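Scroll down for the structure; my scribbles are underneath it.
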Amino acid sequence: MIGFRYASKDRTRRRLRRLAGAGLALPLAAGALAVAPAGTAAAAPGTGPTAVVSMGDSYISGEAGRWKGNSLTNSGSRTGTDRAWVSGSVYDPSKVYGATAGGCHRSDSAEVNSAGAIADVAVNLACSGATAENVFRSVSGGVPFKGEAPQADQLAAVAASHNVKVIALSIGGNDLGFADIIKDCALDFVIWNSYCYDDQQYGVDQKIDGVMANVAKSVDEIRAVMRAAGYGDSAYRIVLQSYPSPIPRGAENRYTQSDWSRLNTGGCPFWNRDSDWARDSLVPQIANRLKAVAAAKGVQFLDLRDMMQGREVCAKASKQVTSTAPASAKTSEWARWIDSSETQGLVQESMHPNHFGQLALGRCLALAVAQSGTSGVGCKNTAGADQTGMYLTPVP
């Protein structure tokens, strides 16, 4: 079973500390699936195959794309949720993540790949766990990550060989410490019987100005690369996106907080008070600050704060996958639960949009790019529908 089902309190503590040690590369992965084929001649801006590029962290790289909902079944295909299943008890994550399995986790259903016909080629440069300094050019303090050059340096090669039309950016979550926030709030539920929101809010407030300055610098670095490649600022579009909440409000959680069902069954070990803070304070705070950066830098803002409303882990409006409730984008959860004991996959996949969530994100990006100009938009889902039910709203 998932998580700590039937586990002793000591084992529970050990496993949560293991979760912490794994870094829970939570909020941000991204990746490069389609890249310039070997031998492609350099093209001047406006020539060569058109390209849409994703940059940043795990929320855009495709982390958790292995999973089609969450199932308590650990064997075989996990009731059809495990896209990496081969046969028997054999699993091959590279079926989903390619060569980035166990690292950047760029999935085949990542947002840039699920967006459809935005461009001829989809290039995923994002990487799970990346921070802003992994986006900056090396000449501006950029740092290689997981054996790869800074993402802006990689972008330079793409800009030279393709006609880049759209660059989608998701960054800032790891700089802000999403993984530590998740870990600490889970520990407060399982071990300390206390709330996390007050301490965590203080920490966020202390960091957020610096984080947003680095997000703004990330946009500047992208602009610098594109200008050096001969692109005018109006020749392509930058879409800066925010983050969806992977957990619901306390009142919208189908598991009571008075026992261990949220941990052992649902994989969402958070108190109602902390869940409400995350959903209605933290996620909007980050979204509003990112919106301000987008406005200041003249780029399009894609607000995803409500993208998974009702589709979060443990949400009453969704359900786990069972033998009688098959995996479905219309009924299953759109985010990966916390499986800290790693009975299914890696803990770094926890609390990310899963395969269904990524299909929805791709639809959001396609809808945003289809808008004339670069005005900011929000993206929401239609209850009971799959990714085709995503629609745009004015930015809050």
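For the reader, a short list of remarks on this structure follows.
- All positions within region 307-332 that are under 27 Å from Val377 (Cβ atoms) and not hydroxyl-bearing (Ser, Thr, Tyr): Met307, Met308, Gln309, Gly310, Arg311, Glu312, Val313, Ala315, Ala317, Ala329, Lys330
- Selection count where residues are under 18 Å from Met55 (Cα atoms) and without any contact (Cβ under 8 Å) to a residue 60 or more places away in the chain, scope region 199-222: 1
- The residues of region 241-271 that are open to solvent by less than 40 Å² (accessible area, probe 1.4 Å), among the polar types (S, T, N, Q) and free of Cβ contacts under 8 Å to residues at least 60 places away in the same chain amount to a single one, Ser261.
- Close pairs from region 278-305: first on the phi > 0 side of the Ramachandran plot, partner in a helix (DSSP H, G or I) and surrounded by fewer than 23 Cβ atoms within 10 Å (Cβ to Cβ), Cβ under 8 Å, at least 6 apart: Gly298/Asp233
- In region 64-95, the residues that are touching a Phe, Trp or Tyr at 6+ places or on another chain (Cβ under 9 Å) and open to solvent by less than 50 Å² (accessible area, probe 1.4 Å): Gly65, Arg66, Trp67, Gly69, Asn70, Gly76, Ser77, Arg78, Thr81, Asp82, Ala84
- For region 102-143, the tally of residues that are open to solvent by 40 Å² or more (accessible area, probe 1.4 Å) and of a type in the set (Gly, Ala, Ser) stands at 5.
- Matching residues, region 269-309, being closer than 30 Å to Arg254 by Cβ and part of a loop (DSSP other than H, G, I, E, B): Pro269, Phe270, Trp271, Leu304, Arg305, Asp306, Met307, Met308, Gln309
- Test: Arg223 is open to solvent by less than 60 Å² (accessible area, probe 1.4 Å) and in contact with a strand residue (DSSP E or B) (Cβ under 7 Å, 6 or more places away or on another chain): no
- Matching entry among Ala360, Ala368 (being buried (at least 24 other Cβ atoms within 10 Å of the Cβ) and either among the basic types (Lys, Arg) or out of contact with any helix residue (DSSP H, G or I) (no Cβ under 7 Å at 6 or more places or on another chain) (or both)): Ala368
- Summed over region 84-93, residues that are of a type outside the set (Gly, Ala, Ser) and farther than 16 Å from Glu342 by Cα total 1.
- For Ile60, the requirement of being touching a helix residue (DSSP H, G or I) at 6+ places or on another chain (Cβ under 6 Å), among the β-branched types (Val, Ile, Thr) and within 25 Å of Cys268 (Cα to Cα) is met.
- Inclusion of Ser234 among residues that are at pLDDT below 95 and within 24 Å of Asn70 (Cβ to Cβ) is not warranted.
- Subset tally (residues that are closer than 22 Å to Ser75 by Cα and touching a Pro at 6+ places or on another chain (Cβ under 8 Å)) for region 312-345: 7
- Reported count of residues in region 358-386, each being part of a loop (DSSP other than H, G, I, E, B), free of Cβ contacts under 8 Å to residues at least 60 places away in the same chain and among the hydrophobic types (A, V, I, L, M, F, W, C), is 1.
- Evaluating Ala317 against the criteria (1) surrounded by fewer than 20 Cβ atoms within 10 Å (Cβ to Cβ); (2) touching a Leu at 6+ places or on another chain (Cβ under 7 Å) leaves one unmet condition, (2).
- Restricting region 321-338 to residues that are in contact (Cβ under 8 Å) with a residue 12 or more places away in the chain and of a type in the set (A, V, I, L, M, F, W, C), the residue that is surrounded by the fewest Cβ atoms within 10 Å (Cβ to Cβ): Ala329
The values are calculated or read from the model by the stated rules, or taken from the named source; none is laboratory data. No experiment lies behind these values; they were computed from the predicted model shown. Glycine also receives a Cβ, built like all others from the backbone with ideal geometry; neighbour counts cover every protein chain displayed. Note: accessible area is taken over every heavy atom of the protein model, side chains too, but ligands, DNA and RNA are not part of it. Shrake-Rupley method; radii C 1.70, N 1.55, O 1.52, S 1.80 Å.
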